[in-house]
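J.: Structure below; questions to follow.
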Amino acid sequence: MGPAPTSAEQRLAELGIVLPEPLPPFGEYVPAVRSGHQLWVGGHFGTRPDGTIHTGTVGADVTADEAREAARSAALNLLSTVRAELGSLDEVAQVVRLYGVVNSTPDFLGHTRVIDAASEVLVSVFGDRGRHARLAVGVVALPGDLVLEVEAVLDVVAPAPSRPPGSPAGDR
């Protein structure tokens, strides 16, 4: 039997990462939904320390390095939502899948490198539990001219609490 997994919350502190406040939904949806032992986390985008949103098109007015910073920030915003939903990042058993969408010019081909920055955050925080399947794609536009969005599927330690019959699936 190997050593106990490192606490994700302790790892955040060791890395000197302070998560931002969770982003509010910008429409008729919830940021995450628990279903059994999974947490499905909707699209998250990058924000700067001053709260402004990373916008623009990679390959035109945004460099690949700027997009990587947006991806890193998007992953931190995603983790903030996960902590708000679960109470602690230590409730994450495994990051299963990360899906990244990059707003880019048709000739930009570095989508994988951009979304790698989000993947690197997850592996830094969760260790081997942060290693995940992934898809990184480019699109010609995103809502609000966002540079990118990332979403994730996570396995969680405890299943979702049961809901009374007829209650909406998004209730927590």
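J.: Go through (1) aliphatic (A, V, I, L, M); (2) surrounded by fewer than 17 Cβ atoms within 10 Å (Cβ to Cβ); (3) at pLDDT 95 or above; (4) more than 17 Å from the chain's Cα centre (by Cα) one by one and return the number of the condition Val62 breaks.
T.: Exception for Val62: condition (2).
J.: Please give the number of the condition Ser73 fails out of (1) within 17 Å of Ala152 (Cα to Cα); (2) modelled with pLDDT under 95.
T.: Among (1) within 17 Å of Ala152 (Cα to Cα); (2) modelled with pLDDT under 95, Ser73 violates only (2).
J.: How many residues, within the stretch 116-156, are in contact with a helix residue (DSSP H, G or I) (Cβ under 7 Å, 6 or more places away or on another chain), of a type in the set (A, V, I, L, M) and over 19 Å from Ser80 (Cβ atoms)?
T.: 2
J.: Same structure again: Which one of Ile17, Ile53 is over 21 Å from Glu85 (Cβ atoms), of a type outside the set (Gly, Ala, Ser) and more than 13 Å from the chain's Cα centre (by Cα)? I'd like the intermediate steps shown before the answer.
T.: Working: Ile17 fails: over 21 Å from Glu85 (Cβ atoms).
Sole residue among the options that is over 21 Å from Glu85 (Cβ atoms), of a type outside the set (Gly, Ala, Ser) and more than 13 Å from the chain's Cα centre (by Cα): Ile53.
J.: Write out, first by first residue and then by second, each pair whose Cβ atoms fall under 9 Å of each other, whose residues are 6+ apart or on separate chains, and whose first residue, in the stretch 82-102, is in contact (Cβ under 8 Å) with a residue 12 or more places away in the chain and over 13 Å from Leu122 (Cα atoms) while the second is surrounded by 18 or more Cβ atoms within 10 Å (Cβ to Cβ) and of a type in the set (Phe, Trp, Tyr).
T.: Listed by first residue and then by second, the contacts come to Val102/Phe108.
J.: Please go through (1) at pLDDT 95 or above; (2) within 18 Å of the chain's Cα centre (by Cα); (3) farther than 26 Å from Val153 by Cβ for Gly43 and return the number of the only condition it doesn't satisfy.
T.: Here Gly43 clears every test but (3).
J.: Suppose we filter the stretch 73-116 for residues that are in a helix (DSSP H, G or I) and not β-branched (Val, Ile, Thr); how many remain?
T.: 18
J.: Quickly run through the stretch 117-148 and pick out the residues that are in contact with a strand residue (DSSP E or B) (Cβ under 7 Å, 6 or more places away or on another chain), in a loop (DSSP other than H, G, I, E, B) and among the β-branched types (Val, Ile, Thr).
T.: Val147
J.: Looking at the stretch 81-101 only, could you name the residues that are surrounded by fewer than 19 Cβ atoms within 10 Å (Cβ to Cβ) and among the polar types (S, T, N, Q)?
T.: Answer for the stretch 81-101, where residues must be surrounded by fewer than 19 Cβ atoms within 10 Å (Cβ to Cβ) and among the polar types (S, T, N, Q): Ser88, Gln94.
J.: Pick from Glu9, Glu21: which is in a helix (DSSP H, G or I) and more than 19 Å from Ala117 (Cβ to Cβ)? Give the derivation first.
T.: On the way: Glu21 fails: in a helix (DSSP H, G or I).
So the residue among Glu9, Glu21 that is in a helix (DSSP H, G or I) and more than 19 Å from Ala117 (Cβ to Cβ) is Glu9.
J.: Could you give me the residue pairs with C-beta distances under 9 Å whose first residue belongs to the stretch 13-37 and is touching a residue at least 12 places away in the same chain (Cβ under 8 Å) and among the charged types (D, E, K, R), whose second residue is surrounded by 12 or more Cβ atoms within 10 Å (Cβ to Cβ) and in a loop (DSSP other than H, G, I, E, B) wherever it lies, and which are 6+ apart or on separate chains?
T.: Arg34/Ala160
The values are calculated or read from the model by the stated rules, or taken from the named source; none is laboratory data. Keep in mind that this is a model prediction, so the values were computed, not measured. All Cβ positions, even for glycine, are placed from backbone atoms using ideal geometry, and neighbour counts span all protein chains on display.
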